[in-house]
Amino acid sequence: MLKNLYWTYGLVILIGMFLSCRYPSPHPIEGGPDTTVPNKPDTVIIDTIPAKNPDSSLADIARFGSVDTIFTYSNLRISKGIFGKATDYKGKATDLSFEFVAPAKDTLKYRPFVLMVHEGAFIFGDLNSEMAMARGLARRGYAAASINYRLGFNGGTATFACGGTGTDAVKAVYRAVQDTYSAIHYFVDHAEELGIDTRQIMLAGSSAGAITVSALVYMNEADFEALAPGITKALGRLDPQAENSPFRVRALLTQMGYGLFRGEYINASNAMPTVFFQRVGDNVLPYYGGTFLSCPGYPGMVGAKVGADQLRKFKIPFELNYENLEGHHLSYPGEYIVTRYAGFMKRLWSQNPRQITNNAYKTVEDVKLP
């Protein structure tokens, strides 16, 4: 009897050892590879995408931080396509399209990738508004793409965005995040043919696009449920492909405003290096705090100043560019914004993390992080 008990005990230990080898601990071993997804600290991925090119895109860091372009427009290749299909708020099937741009002839097979999400209050706009900056990044050696996502919500019009309910507005953000997830997975799945380094993905957004990419990084289904109960049942999972197509986001690049429903979504385990461009007197998205799209009755929202302060607290690199002006649109030329994006990424890749604040074009804070 006792002998049988020892055999059983030994068998349980062997099975446990086998399973622990097959399914590693969700906590990275000190000094080992970090397998946690920055925006989902409770999720574990096997970082094998693409296994053939571990960080090979950063072999020449200088090119990606260059103020000057290294490729001409004629050296770029542009392709268009559909990355998915989804049903809009009226129940109509919608094609989700993209435009992709990268150097046509390049010494690097894989390049850092910037996915760009356009502005328009979740009601209007299209990918073309981001393509000038996408081409600017491609001329500096990046791969970049701009996407269309589902627009519109009950009560919101191009002339009056405040006619819906808070739930309607949150659903618009949820759909945009779903579509952005779909786009990321599409480009990850086509990384080999497009020359994308899936370990070096940046998400860029303007206005509504900035809200979208920030929500993708900092919010999960439970957060959306707290704002709009029943949203997951009504619209489906936030990221239906989460288990099938892992990826890693390295930074957020935002301009023409910033917005996150709660500053507390940014915490020590998920805080993401970020570039901000916003006016202090922004009348659409709050620089400090206000409401979504500045609409009475819509959920609260915080802006670039609160986001930067959260990153400052957790010692995460950021660059806050603000203008002491009124209005939503910025005075910065698009080419200048692209150079700031590129310079920011170069500092990260060069292990020169900093917290920088610029009042228009003047630097008022520059802190080197340990």
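Would you be able to say whether some residue in region 90-110 is touching a Phe, Trp or Tyr at 6+ places or on another chain (Cβ under 6 Å), surrounded by fewer than 23 Cβ atoms within 10 Å (Cβ to Cβ) and under 22 Å from Leu216 (Cα atoms)? Within region 90-110, one or more residues are touching a Phe, Trp or Tyr at 6+ places or on another chain (Cβ under 6 Å), surrounded by fewer than 23 Cβ atoms within 10 Å (Cβ to Cβ) and under 22 Å from Leu216 (Cα atoms).
Pairing residues of region 219-248 that are closer than 11 Å to Tyr181 by Cβ with residues that are assigned to a loop (DSSP other than H, G, I, E, B) and at pLDDT below 95, at Cβ distances under 9 Å and at least 6 apart in sequence or on separate chains, gives Ser245/Ile49; Phe247/Ile45; Phe247/Ile49. Total residues in region 162-204 satisfying the condition of being in contact with a Cys (Cβ under 8 Å, 6 or more places away or on another chain) and either closer than 20 Å to Gly91 by Cα or at pLDDT below 95 (or both): the figure is 1.
Between Ala169, Ala145, Ala158, Ala176, the distinction of being outside any helix (DSSP H, G or I) and crowded, with 20+ Cβ neighbours inside 10 Å belongs to Ala145 only.
Screening the candidates Lys305, Lys315 for the property of being at positive phi and surrounded by fewer than 22 Cβ atoms within 10 Å (Cβ to Cβ) yields one hit, Lys315. Check region 316-327 and report whether any residue there is in contact (Cβ under 8 Å) with a residue 40 or more places away in the chain, among the acidic types (Asp, Glu), in contact with a helix residue (DSSP H, G or I) (Cβ under 9 Å, 6 or more places away or on another chain) and under 28 Å from Trp349 (Cβ atoms). There is at least one residue in region 316-327 that is in contact (Cβ under 8 Å) with a residue 40 or more places away in the chain, among the acidic types (Asp, Glu), in contact with a helix residue (DSSP H, G or I) (Cβ under 9 Å, 6 or more places away or on another chain) and under 28 Å from Trp349 (Cβ atoms). Apart from one condition, Leu253 fits all of (1) assigned to a loop (DSSP other than H, G, I, E, B); (2) in contact (Cβ under 8 Å) with a residue 60 or more places away in the chain; (3) not aromatic (Phe, Trp, Tyr); the exception is (1). Kindly check whether there is at least one residue in region 65-76 that is touching a Lys or Arg at 6+ places or on another chain (Cβ under 8 Å), surrounded by fewer than 12 Cβ atoms within 10 Å (Cβ to Cβ), part of a loop (DSSP other than H, G, I, E, B) and at pLDDT 85 or above. Yes: region 65-76 contains one or more residues that are touching a Lys or Arg at 6+ places or on another chain (Cβ under 8 Å), surrounded by fewer than 12 Cβ atoms within 10 Å (Cβ to Cβ), part of a loop (DSSP other than H, G, I, E, B) and at pLDDT 85 or above. Among the residues of region 262-285, write down those that are touching a Phe, Trp or Tyr at 6+ places or on another chain (Cβ under 9 Å), surrounded by fewer than 23 Cβ atoms within 10 Å (Cβ to Cβ) and under 21 Å from Ala169 (Cα atoms). The answer is Arg262, Tyr265.
For every residue, the table says whether it meets (1) of a type outside the set (A, V, I, L, M, F, W, C); (2) out of contact with any Ser or Thr (no Cβ under 9 Å at 6 or more places or on another chain); (3) modelled with pLDDT under 95.
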site	(1), (2), (3)
Ala234	no, yes, no
Asn270	yes, yes, no
Val275	no, no, no
Gly290	yes, yes, no
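Among the residues of region 317-342, those identified as charged (D, E, K, R) and within 16 Å of Ala204 (Cα to Cα) are Glu319, Glu335, Arg340.
The values are calculated or read from the model by the stated rules, or taken from the named source; none is laboratory data. Bear in mind the structure is a predicted one, so any value in this text is a computation, not a measurement. As a convention, Cβ positions derive from the backbone with ideal geometry for all residues, glycine included, and neighbour counts pool all protein chains shown.
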